[in-house]
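Take a look at the structure below.
Derivation of every value follows stated rules applied to the coordinates shown; laboratory data play no part. Computed from a prediction, not measured in an experiment: that's the story for all the values here. Here Cβ is always computed from backbone atoms with ideal geometry, including for glycine, and neighbour counts include all displayed protein chains.
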Amino acid sequence: MIKSTAFDKSFPKEVMAEPGGEQLVVCSSCGTCAAACVVRQQNPEYNPRRILRMAALGLREKVLSSEEIWQCSACDDCYPRCPKGIHISEVMGAIRQIAIREGYTRPGATAQVNVNRCVACGMCAAACPYEAIKLEEIMIRRSPKRVAQVDPNLCAGCGICNAVCPSGSISLEGYTDREVHDVLLEAMPPDWSGRLLVIICNWSLHAGSDITFAENPPEGVQVIRVSCSGRVTPTFVTTAFDRGAEGVLVVGCDEEECHYREGSRIASGRLQVLGSLLDMMGVDAARVRFTRLTSLDRGKLPTMAQEQQAQLSELGPLDWKGTGGRS
Amino acid sequence: MSDRGNHQDAMRAAQTLAEMQPLLRETAHHLLSEGQVHGVLGFCETVTPGVVTPCLLRQPSECQKLVLNTACYHNLAGYLVGPDGLLKGARAERNAPLAIVARPGVLRTLVVLLQEQQIVREDIVVLGITDNTPIGLKPDVLLGELDRDFVGGSQHEELIARLQAMSTAERAAWWNARFAQCVRCYACRQVCPLCYCEQCVVDENLPQWIDKSDSVASNRTFLLVRAMHLMGRCVNCGACEAACPMHLPLGVLTTLLGKEVQTTLAFVPGSDGTQAPAALGCRIVAGRGEE
């Protein structure tokens with residue numbers, strides 16, 4: 001039970017005074033956003049309609065202290081569906097700005113910079129879909145150095161920066177190079193006799209059958225999960241080949257549905273170029289495939305893996321070690 | 001030959017390196033004696049005929065040592081960046097910029113380094129040689145115009161066509177024979193002006209993505225990962241191939257990479273200084289790269 005005395009009537013005005021927040025006034029709480037929300041599919045507790053409703057009612061502390069306001073990754077799947085045309089991620093951003101001023105910080109993993117290694121090439125800053133990374137001069141051991149700096153309140157935790165950093169200076173907690181490498185080695189031990197590694201974006205796993213497949217892959221297939229397909233680097237692929245895999249299937253979201261805006265687009269382009277270079281080196285490009293598990297493709301992951309396995313059977317064994325046969 | 005014809009000859013930009021050499025010496029002498037630059041980064045003769053060495057000249061009297069010929073293939077932009085880069089350190093310590101001799105490939109490299117904010121335009125005076133390709137940097141002094149750069153670029157078109165006509169197995173055999181020769185000296189990485197990371201992924205132990213022993217698989221991975229780290233950045237200057245002691249055809253990979261980047265990202269590194277850097281493929285045109 002919420003008492004009307006708990007309402008802070010000035011809070012909706014405060015939100016509407018922030019850039020983007022003015023749209024709060026037109027929300028009619030229809031809930032279409034919640035039906036379209038990618039985050040909600042993973043975390044049923046999350047509900048953008050509820051947050052907007054609470055903000056409009058003036059439940060100031062409840063909204064600002066809520067972890068939910070940080071979970072919107074501005075994928076904007078709800079935006080075109082909202083009958084009132086509310087850019088909900090902007091309203092969420094306005095609420096977050098107030099929360100930041102009130103001293104709240106984003107919970108959960110964000111990108112961390114190793115300032116000793118960073119050479120300020122700016123790849124991460126250019127790649128970040130959230131403009132969370134800036135190059136700044138800081139003092140290190142009493143001398144100035146230009147390095148990348150992450151605004152933890154803007155970072156959504158996609159790991160695209162981690163994949164794009166040539167010097168390995170920026171990493172996403174939970175999906176750092178070391179952590180992913182360990183996961184890869186564990187998934188494909190030296191005696192592994194499988195042929196296919198599936199690398200799947202956490203957000204593209206919706207259907208129960210797909211999740212079951214990812215958790216208990218069939219014989220010959222291993223599955224690892226990443227924060228976003230944009231986190232996948234060529235080294236994941238070469239490590240799989242080193243471990244005896246004959247093909248890699250990277251599964252991302254539909255370009256329009258990407259939880260992190262740009263991730264699946266980046267992955268698709270990067271893997272395309274990787275495939276061409278591998279093809280030139282005598283490793284069929286078809287061994288490394290990028291595919292999209294869209295919200296309309298629920299339950300198709302097992303079929304996609306089977307298709308890639310069939311493709312690998314057709315291509316025959318891979319002589320990755322260059323010894324003329326598998327050794 | 002009439003006077004007019006001679007006059008026209010004098011007006012047109014030099015088209016051979018030999019023609020450019022006197023202008024280079026004269027310009028370098030002028031810049032140093034006027035104090036407009038604190039040094040000139042170029043090439044000098046060595047005691048061995050036909051072999052040149054990169055040199056940094058600080059005295060006007062030394063400028064007669066400068067040479068310009070097809071042996072000057074080294075990418076001098078590499079000396080500007082990295083932990084020991086000539087432009088590193090407090091800018092106030094140098095009261096004048098540094099002049100650099102730049103063939104077309106080096107000019108494009110400078111564009112990428114400027115985009116990646118590794119160098120500052122005011123810190124360099126570019127003594128440039130252009131060719132018929134788009135270059136996103138106007139030299140401060142134009143030494144001349146070549147038909148095409150004498151190293152790098154699309155020197156491997158024929159070989160690439162021949163390799164692409166082969167079957168995958170034939171191509172694998174062709175490349176594996178070459179990967180087997182790689183001694184992992186990392187000369188390609190050392191000379192690359194864009195490999196300015198202070199800690200390289202191949203030297204990394206935790207995690208060790210790339211096996212350090214020189215097997216076919218690990219050498220392939222090394223060259224593949226190096227190419228991918230240059231995606232949307234490599235200007236195909238030819239420095240890596242020229243430096244390779246085993247004469248591996250690294251230009252095939254850099255040329256192919258350039259082509260792929262052009263089709264997937266609609267981006268030619270170094271061709272336009274106003275564009276945002278491609279950031280290893282994060283600037284991809286929507287709808288492209290779909291399998």
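Per residue of A:255-266, count partner chain C-beta atoms within 10 Å of its C-beta, then hand back the mean as an integer. Before the final figure, lay out the partial values.
Details: counts 3, 0, 0, 0, 0, 0, 0, 4, 1, 0, 9, 7.
Per residue, the number of nearby Cβ atoms from other chains is 2 on average.
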### Query
So what's Rg/Rh here for chain A, counting alpha carbon atoms and using the Kirkwood radius for Rh?
1.03
#### Entry: Of the GluC sites (Glu not before Pro) in the stretch A:28-136, those whose Cβ has at most 13 other Cβ within 10 Å and which sit in DSSP loop
A:45, A:67, A:102, A:131
### Task
In vacuum, with every alpha carbon of the stretch A:231-282 counted as one equal point scatterer, what does the Debye formula give for log10 I(q)/I(0) at q = 0.18, 0.24, 0.27, 0.29 Å⁻¹? Two decimals, please.
-0.62, -0.95, -1.08, -1.16
### Summary
Along principal axes, largest first, the alpha-carbon spread of the protein assembly as shown in whole Å comes out as 98, 63, 51
### Summary
Against the 2.2 N^0.38 Å rule of thumb, the C-alpha Rg of the stretch A:106-252 sits at a ratio of 1.16
### Task
Rank B:242, B:279, B:172 by mean-square fluctuation in a GNM of chain B with C-alpha springs under 10 angstrom and give only the top-ranked residue.
B:172
### Message
Suppose we take every Cα in the stretch A:258-299 and form the convex hull; what volume per residue is that in Å³?
### Response
61
## Note on the structure
What helix-only [θ] at 222 nm does the protein assembly as shown give? Using -39500 (n - 2.57) per DSSP H run of at least 4, over all residues, to the nearest 500, the answer is -10500 deg cm²/dmol
### Query
Hey, could you pull the Cα Rg and Dmax for the stretch A:12-83, both in Å?
11.7, 32
### Query
Please identify the trypsin sites (Lys or Arg not before Pro) of the stretch A:104-199 that satisfy two criteria: DSSP loop assignment and at most 10 other Cβ atoms within 10 Å. Which are they?
A:141, A:142
### Summary
Mean-square fluctuation maximum in Gaussian network of chain A, Cα pairs under 10 Å, restricted to A:275, A:244, A:316, hits A:316
## Note on the structure
Answer in debye to the nearest 20: the dipole magnitude of the stretch A:1-130 about its Cα centre, from +1 Lys/Arg and -1 Asp/Glu charges placed on Cβ, is 200
### Task
Treating only the Cβ atoms of Lys and Arg (+1) and Asp and Glu (-1) as charged, compute the dipole magnitude of chain B about its Cα centre; round to the nearest 20 debye.
300
## Note on the structure
Of the candidates A:44, A:115, A:97, the farthest towards the positive dipole end of chain A (Lys/Arg Cβ +1, Asp/Glu Cβ -1, centred on the Cα centre) is A:97
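When all alpha-carbon pairs of the stretch B:132-291 are counted, what percent fall beyond 21 Å? Display every interim value, and only then the final one.
Details: 6682 of 12720 pairs.
Looking at the stretch B:132-291, the distances longer than 21 Å represent 53 percent of pairs.
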### Message
Going by Cα centres, the stretch A:59-135 and the stretch B:121-182 are how many Å apart?
### Response
42
### Rule-of-thumb Rg ratio for the stretch B:165-250 [Cα; 2.2 N^0.38 Å; N residues]
1.10
### Summary
So, for the Cα atoms of the stretch B:77-218, Rg and Dmax in Å stand at 19.1, 59
## Note on the structure
Cross-link reach from residue A:321 to lysines, straight Cα distance under 16 Å and at least 8 residues apart if same chain, gives B:212
### Query
Computed over the Cα atoms, what is the radius of gyration of chain B divided by 2.2 N^0.38 Å, N being its residue count?
1.07
### Query
For the stretch B:145-250, which GluC sites (Glu not before Pro) are in a loop by DSSP, counting at most 14 other Cβ atoms within 10 Å?
B:198
### Task
Sort A:16, A:281 so that the residue with the fewest other Cβ atoms within 10 Å of its own Cβ comes first and the one with the most comes last.
A:16, A:281
### Message
In whole Å, what are the extents of the stretch B:24-122 along the principal axes defined by its C-alpha atoms, from largest to smallest?
### Response
37, 28, 21
### Query
Running Debye on the stretch A:52-141 with equal point scatterers at the Cα sites and no solvent, what base-10 log of I(q)/I(0) appears at q = 0.12, 0.15, 0.19 Å⁻¹?
-0.53, -0.75, -1.00
